[in-house]
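Below is one structure, written out as structure tokens, with a few remarks after it.
The values are calculated or read from the model by the stated rules, or taken from the named source; none is laboratory data. These figures come from a predicted structure and were not determined experimentally. Counting neighbours? That spans all protein chains shown, and the Cβs are built from the backbone with ideal geometry, glycine included. All accessible areas refer to the heavy atoms of the entire protein, side chains included, with ligands and DNA or RNA removed. Shrake-Rupley method; radii C 1.70, N 1.55, O 1.52, S 1.80 Å.
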Amino acid sequence: MVQKPSCAAKIASSVDSAILAYSLSMENKPIHPGDGLVRQDVEQTIDAVRRLARDGMAETDDMIVRLMTGT
């Protein structure tokens, strides 16, 4: 199966973010709750990302489809 370049880009972006978070923590510059979507615990952080993907991206998804279909 041939993977799409966009899938590889998503994986690379995620790995880059993980490396950046690790590097910041090694420099004693951790990411704190309230920084972006980071919340008090991992479950709350996952919920914030879920809400962004579900609610926040709905209009973006519609626009992407319109652009792809030329409508």
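Cβ contacts < 6 Å: first residue in contact (Cβ under 8 Å) with a residue 12 or more places away in the chain, restricted to region 47-71; second residue part of a helix (DSSP H, G or I), any location; separation 6+ or different chain. Result?
none
For region 2-19, enumerate the residues that are open to solvent by 100 Å² or more (accessible area, probe 1.4 Å), assigned to a helix (DSSP H, G or I) and over 19 Å from Gly36 (Cβ atoms).
Pro5, Ile11, listed by residue number.
Check Thr71 against each of (1) open to solvent by 100 Å² or more (accessible area, probe 1.4 Å); (2) assigned to a loop (DSSP other than H, G, I, E, B); (3) modelled with pLDDT of 90 or more and name the one condition it does not meet.
(3)
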